[in-house]
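The values are calculated or read from the model by the stated rules, or taken from the named source; none is laboratory data. Computed from a predicted model, the values in this text were never measured in an experiment. Cβ placement follows ideal geometry from the backbone for every residue including glycine, while neighbour counts extend to all protein chains displayed. Note: accessible area is taken over every heavy atom of the protein model, side chains too, but ligands, DNA and RNA are not part of it. Shrake-Rupley method; radii C 1.70, N 1.55, O 1.52, S 1.80 Å.
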Amino acid sequence: MLISLLRPIGPVVIGISLGFTLSLLSVTWVEESCDSDVKGGDEVAVPQEGKLNGARKPNSLSGVDNGDAEEQFEPKIVPYKPGQKQTTAKKVFRAKYISTELGIRERLFVGVLTSKNTLNTMAVAVNRTISHHLENVVYFTGMRNRKTPHGMFVVTHGDERHIWNMFQTIKYVLEHYINEYDWFYFLQDDTYVEADRIKMLVGHLSIDVDLYMGKPEEFIGGELEGRYCYGGFGYLLSRMLLLKLQPYLENCRNDIVSARPDEWLGRCIIDYGNTNCVNEHEGILYNHFEMGKNSDPSKEDNLQFKNAFAVHPVLDPVQMYKLHKRFTELELQKTYNEIEKLQVEIKNISELAIDGNRSAHWPIGINPPFQPKNRFEVLRWDYFTEDLVYTCTDGSPKCELQGIDKADVADIIETAMGELNKKYKPVLHLKKQQLLNGYRRFDPTRGMEYTLDLLIEVVNQKGRSRSITKRVHLIRPLSNVEIIPMPYVTEATRVHIVLPMTVHDRDNVNQFLEIYAANFFETSENAVLSFLFIYDSFEAQQVNQNDIFANVKAKITSYEHKYPATKIPWISVKTEAPSQIKIMDIISKKHPVDTLFFTANVNTNINSEFLNRCRMNTINNWQVFFPIHFQDYNPDIAYHNQQRPITIDLVKDAGHFDRNVFDEACFYNADYMAARTKMSSDVQENEEILEILDIYEMFIKYATLHVFRAVEPALHLKYQQKVCNPRLSEDIYHRCVQSNLESLGSRSHLAMLLFDQEQGNST
């Protein structure tokens, strides 16, 4: 029994004993003093005679005298001195952008060489054809007029000498752009450049080479060796080559004499950069085309023209625009051919799929149609003819097809006939006789879809004709989504809230001030509230005896006493037609140009969340903001025979976003004044325009800003029957009436109310 108990632990005991035995045999014990009071470096323990070297003590070194080891590793105490300055680590500089820290540069810089006489003509034409394709284009000139073309960055050297201007241009580029770009392309203002091809060219070249690329030319006289790049067709310089020239640029200016700036630069590059002009590098050829005096760009069709990077000489801006149109057409046709090729490949590959050709949706390459999950998501088809549309925004059964809708239908019919003729020519020639039926719907996943039933006259090659009906399907696909860069704004801007009031708004001002005080006065929000009291002629005459706004003014005074740090200014105005523009003309003159306005309504519940969005969505000299508020339904209809809720949520049964109202607006005073200035000439001809238009229509018609209009859930209005002023324009009055009607309740609410009334009448 004892053996059975010891058997499991026997190997463990044997292993531990063996381990201790081997460890004792591997070291030699020494006798050393453990006295901690030993002083002096010579009083140390040494091994006994006749024994092996002792085991090394921890923190000692082998191979040196023991006494030296003790002295070397004796700890030293450094006394602390309060007056002694402690060394601090050097602060590491970090770049603002990671691209700067990693040395990432932009790809292409373009410099245009122009002059005082052609800056406002040829240079403007160059800018209009290449600026939207390239990120940075700089125009270099010797002298310029006082008026600089809009949207162009012009550098003036102060001298009309051509060689001096070229020297100053290269010097300016080396001082300001050499660390930001990899490639530098220079051209004259009488040169048309296919900008996208230049971008593609530098995208395929190595950046660590000395490259001087363009149209090679021999020097005048042929005495000098090497070739320079002719400036008329543009030339490309690498960053490495310009860095090599930088120390010798002054030598080039003093030593090289030439009549042409491109020759001067070529000699400088050959002498100090040891690089000749080439028109081919890494298998890429720099193509160019020389225009004749009477050449018509629209008729040029040879291969050299189609493949050209640059065309020279361009005689006038009109020819520049014709060249741009021609090259744009060529690129567009090339894109269409590539799309057709891809569609054929997709179609061929889809035949190998499990579903066969059914896996490739029409049209090939476009997203498949939207698949509704229930009947409420089914997309509606709108029926139309060439003159009428049977789905109207105002709810009418049919209305006249006009404006952009009419142009859209005409374009679709023309496109359909063009595609049919392309398909059946030359065997048949088709002519449209009539559009029998038209259907269209907007699919958010792919675009606008059309189905057309066309009555067509078919004419064969023998001249015989007959009429047939043909159904065609078309789609206008959605283009790529673009991210529009926006200027930087903050939420620290003070908002000036303008609250116009008429006699009909007096009953709601107490509730407005209570909510406003809780949201802003008590939290010290960066906002200022201003009242604008609007009187008619009769009310203005009785203001001293019976002021209709006396209670409101007393309420304002009480809030100013309650919150001493708060001031609520107010202005009184007499007018029969209180239009938005007339009101803002008075307010605008009393505030600085950098003031951010928000025009509100007495029924509006304003909070900090909305004001922050007002600040972020309104950008000075860039964008104005017109929010679409959430309007509550009439509680007598929406909650008929029900208990009214304490708080109303943003749900479809409680209200709707009222698109008929444009009273709320966020804009800067400078933008308002700019649009109002452009409007002044029309006002002189017709003063009624101040009452016909509102602020939204004024910005649309007279401003070049982005007008941003979107639903705003933080802007909540309680139900109130609006008083529509018939003195304003018919359109504004109609929108007011329509807003009142749509704010009564939803269709289901109105239907249930009518049903209850019918039930009551029947009983």
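Structure data summary
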item: Helices (runs of 4 or more DSSP H) wholly inside segment 155-265 that include at least 1 residues being touching a strand residue (DSSP E or B) at 6+ places or on another chain (Cβ under 6 Å); result: 162-176, 195-203, 239-245
item: Selection count where residues are out of contact with any Gly (no Cβ under 9 Å at 6 or more places or on another chain) and assigned to a helix (DSSP H, G or I), scope segment 298-355; result: 35
item: Selected residue [over 38 Å from the mean Cα position of the chain (by Cα) and part of a helix (DSSP H, G or I)] from L754, L690, L744; result: L754
item: Neighbours by Cβ (under 8 Å, 6+ apart or cross-chain): first from segment 536-562, touching a residue at least 40 places away in the same chain (Cβ under 8 Å) and closer than 23 Å to R727 by Cβ; second open to solvent by less than 50 Å² (accessible area, probe 1.4 Å) and among the acidic types (D, E); result: I548/E539
item: Residue pairs meeting the criteria (Cβ under 7 Å; at least 6 apart or on separate chains; first closer than 16 Å to K215 by Cβ and in a loop (DSSP other than H, G, I, E, B), in segment 275-295; second among the aliphatic types (A, V, I, L, M) and open to solvent by 40 Å² or more (accessible area, probe 1.4 Å)); result: N279/L285
item: Counted residues, segment 555-596 - those being within 20 Å of F521 (Cβ to Cβ) and in contact with a His (Cβ under 6 Å, 6 or more places away or on another chain); result: 0
item: Residue selected from segment 719-737 under the condition at pLDDT 85 or above and surrounded by 15 or more Cβ atoms within 10 Å (Cβ to Cβ), by the criterion farthest from I581 (Cα to Cα); result: Y719
item: Long-range neighbours under 9 Å by Cβ, at least six apart or interchain, first residue free of Cβ contacts under 8 Å to residues at least 12 places away in the same chain and exposed (fewer than 10 other Cβ atoms within 10 Å of the Cβ) within segment 372-386, second in a loop (DSSP other than H, G, I, E, B) and not hydrophobic (A, V, I, L, M, F, W, C); result: E377/Q371
item: Any hit, segment 651-670, residues being in contact (Cβ under 8 Å) with a residue 12 or more places away in the chain and assigned to a helix (DSSP H, G or I); result: yes
item: Of all residues making up segment 725-763, the number that are among the aliphatic types (A, V, I, L, M) and farther than 30 Å from D536 by Cα; result: 5
item: Where P369 falls short, out of the listed (1) within 30 Å of K462 (Cα to Cα); (2) open to solvent by less than 90 Å² (accessible area, probe 1.4 Å); result: (1)
item: Test: D632 is open to solvent by 10 Å² or more (accessible area, probe 1.4 Å), over 23 Å from N526 (Cα atoms) and acidic (D, E); result: no
item: Filtered residues of segment 305-344 (kept if among the hydrophobic types (A, V, I, L, M, F, W, C) and closer than 30 Å to G365 by Cα); result: F327, L330, L332, I339, L342, V344
item: Out of T393, T445, sole residue that is within 21 Å of S479 (Cα to Cα) and among the polar types (S, T, N, Q); result: T445
item: Scan of segment 408-428 for residues that are out of contact with any Asp or Glu (no Cβ under 7 Å at 6 or more places or on another chain) and under 17 Å from G447 (Cβ atoms), ordered by number; result: D408, D411, I412, T415, A416, E419
item: Selection count where residues are at negative phi and open to solvent by less than 60 Å² (accessible area, probe 1.4 Å), scope segment 387-409; result: 10
item: Of residues in segment 470-490 being surrounded by 13 or more Cβ atoms within 10 Å (Cβ to Cβ) and assigned to a loop (DSSP other than H, G, I, E, B), the one modelled with the lowest pLDDT; result: V489
item: Helices (runs of 4 or more DSSP H) wholly inside segment 535-591 containing at least 2 residues that are more than 30 Å from D671 (Cβ to Cβ) and of a type in the set (K, R); result: 550-562
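Quick grid of which residues meet (1) surrounded by 20 or more Cβ atoms within 10 Å (Cβ to Cβ); (2) touching a helix residue (DSSP H, G or I) at 6+ places or on another chain (Cβ under 8 Å):
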residue	(1), (2)
K244	no, yes
C252	yes, yes
C277	yes, yes
G292	no, no
A308	yes, no
V314	yes, yes
P317	no, yes
L323	yes, yes
Q333	no, no
